[in-house]
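Quick notes on the structure that follows.
The values are calculated or read from the model by the stated rules, or taken from the named source; none is laboratory data. Treat the numbers as computed from the prediction; the structure is a model and nothing was measured. Methodologically, a virtual Cβ is constructed for each residue, glycine included, from the backbone with ideal geometry; neighbour enumeration extends over all protein chains shown. With ligands, DNA and RNA removed, areas are computed over all heavy atoms of the protein, side chains included. Shrake-Rupley method; radii C 1.70, N 1.55, O 1.52, S 1.80 Å.
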Amino acid sequence: MARPHRLVPRRQRLRWDLISLGLFALAVVGTAVWVRWPRPVPEGRVFLRARDRIPGYHFQPVMLGTAVPETLATTNLFNGHFFDAQSNRVSVFSAAWDPGQGTGGNVFGHTPEICWVGAGFRTVRTGEPDQLALHVAGQSIPFQCRVLQHPELPTPEITLWAACLDGRWDSYLFHAGPDMTTESASILSYVQQAWGYATARWVSLRRLIQQPFTQNARKQYLRFSKPLTTDPQTALKDLERFAGLWLEGEDGGHRTDP
């Protein structure tokens, strides 16, 4: 014989509903307070500026779509190609968010591993490091490194990028996924790559919780790349030399904010 369904008293249901509502409100209010809670300005902040003119190079601007500033929540964008006297190309992109513009996710959510892959590029493993430090404007700045290949382009692109929040440059190592252009790029490889990205984003979120930035934090993102026509080590040395020409401290020299 089936057991009769136990009815929960109305007063008990109301109590649980109020508890659930209270916990939800506490989570919402607590998050808002945590984000807006005043915090001291981090020490040793470093902000860089990208030059639009480099001696010995010709710059060719590349217009961005009208949706890009809206997507990134900033109009402080710089995009194009530098060519030297031998027509060697270095493609550059920089974005800056003034205090109050955008969110922290705008810095980490538009890296080549996301945007370029979404446009058809795939990761290529050529022996390049996942991360390296470049000495720019008297500072050691950690850059992520990837080689990406588009099926319609004959040459892969080796690219470096870095992001900062409140003048603190992200130093967490985002491990590259498996080579996605080979026949061994199975469904398992895609799952591994997706898991790696998810893990990296979780570590970034955890770090931001441990070391939060202010609501009005300034943010910067830098990316530059070139065709990989040599071995990766030679290409990275060329990009490091270019970084010293392209990037400078905000005052035109070596700048560390107080």
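Here Val62 and Glu152 are evaluated by their C-beta separation; at R0 = 25 Å the FRET efficiency comes out at 0.90. Counting only protein chain heavy atoms and rolling a 1.4 Å probe, the accessible areas of Ser140, Ser225 rank, largest first, as Ser140, Ser225.
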